[in-house]
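Note sheet for the following structure.
Since every read-out is calculated from the coordinates, none of them should be taken as a lab result. These numbers were taken from a predicted model, which means no experiment stands behind them. Neighbour counts are summed over all protein chains in view; Cβ atoms, including those assigned to glycine, are modelled from backbone coordinates with ideal geometry.
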Amino acid sequence: MTVRRAYIRSVGRFLPERRLTNSDLEKMVNTNDEWIVSRTGIRERRILDPGRGNSYMAVRAARECLERAGVEPAEVDAIIVGTVTPDMMFPATACLVQKELGASRAWGFDLSAGCSGFIFSLSTGAQMIESGRYENVLVIGSDVMSSIIDYEDRNTCVLFGDAAGAVLLQPCPEEGYGILDFIQRIDGAGGEFLHMKAGGSLRPASHETVDKKEHYVYQEGKHVFKYAVTEMANVSVKILEDNGLKGEDVALFIPHQANLRIIEACASRMGIDRSKIIINIDRYANTTAGTIPLCLYEALVEQKRIGKGDYLVTAAFGAGFTWGSALIRWWQE
Ligand code: UT7
């Protein structure tokens, strides 16, 4: 019996034009370029114009992705949007994207998994293809982090940016290729170290929550760092072991871009040379669910570094805690 697997047919992205550089931030909070670059690897980030929401970016990334594939919006069966910054609490951003794209046959939903939002959405979309019920699943990672960042808090405001990336999943035409495996984990005990305190049903928005700045990202960075560096590497090493592969077999490592030190530690544990890591944290910072599709876009479209049969490993760690990895063997005509 042949195994039905999903493969990534095409990619798209949206990057806001406005840049916020480290030197801009030096004028806003008590920070400096040297600290930001040495501790994180970030030099600048993109910021979406006020008055625009997540779906503005998600739709544009999705449109490019469909156009590259030559697939009409009406052919899309399902839309998954990985995000923690939807346009609004409800309806889901997936519904707004569906309407704007004109994806008349599609259903869909948002998936909230912090910085693992894209990996969890990718594995969910892959399983929908594997089920045999769907032919075209659009997976989008999109976050407007600037909408939930306190630009007076130097601990967090230097770390994040805005962007969206999209991939189209289809059934893989050839056996042995496509999205081969994934690992997903959560540990709610990590919630206290990275969260937004108010705005949900537990603490609805009030004058008090606004005065206390509870609608912004709260992060205890050092603690998150310790977990991220260990657990992201654990699942990246495990997915190789589970599939009988070694670091040297991997053509490209596509990690979530939260901190250059986490990325390098993870690649080193996997035995992957630095030249095989896709890194763009310097230009876009941490775009939460956007990072991995942005990296994939860069490797595939801009650098043309991915070819048929290449093994790619992708991994992420984020709020929840949530973390995971995926193993892809690239298929193309
Ligand atoms: O993607 C979602 C998951 N998130 C992550 O993976 C983030 C993980 N964490 C990190 O990447 C790092 O912990 C940070 C980049 C957030 C912070 O780096 P760190 O090396 O852990 O620094 P720290 O938080 O321990 O702070 C060291 C010092 C502190 O000063 P004192 O207490 O030593 O005097 C901070 O107040 O650096 C200070 N500091 C800053 N200084 C200049 C914190 N932020 C800044 C800043 N500019 N922007």
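Karplus-based coupling profile of the stretch 74-85, in residue order and whole Hz: 5, 8, 6, 8, 8, 10, 10, 10, x, 6, 10, 10, with θ = phi - 60° in 6.51 cos²θ - 1.76 cosθ + 1.60 and x standing for Gly or Pro. Inter-part distance, the stretch 280-333 to the stretch 142-175, computed on C-alpha centroids, equals 12 Å. The orientation-averaged projection of the convex hull spanning the C-alpha atoms of the stretch 184-333 amounts to 10.4 square nanometres. A straight line joining the Cα centroids of the stretch 77-125 and the stretch 221-262 runs 25 Å. From the P(r) of the chain, could you give the percentage of C-alpha pairs in the tail past 33 Å? I get 21 percent for the Cα pairs in the chain exceeding 33 Å. About its Cα centre, the stretch 178-329 has a charge dipole of approximately 160 debye under the convention of +1 per Lys or Arg Cβ and -1 per Asp or Glu Cβ, with nothing else charged. Spatially close Lys pairs in the stretch 178-329, defined by Cα atoms under 18 Å apart and a spacing of eight or more places or different chains, total 6. Across q = 0.20 Å⁻¹, the stretch 6-171 modelled as identical point scatterers on its alpha-carbon atoms has Debye log10 I(q)/I(0) values of -1.17, in the order of the q list. Could you work out the local net charge near residue 213, counting Lys and Arg as +1, Asp and Glu as -1, over the other residues with Cβ closer than 10 Å to its Cβ? Around residue 213, the charge tally is -3. Of the GluC sites (Glu not before Pro) in the stretch 12-69, the ones in a loop by DSSP (not H, G, I, E or B) with at most 10 other beta carbons within 10 Å are 17. Projecting the Cα atoms of 317, 306, 196 onto the charge dipole of the stretch 178-329, computed from C-beta unit charges around the Cα centre, puts 306 farthest toward the positive end. Counting every alpha-carbon pair across the stretch 28-89, the share separated by more than 18 Å comes to 58%.
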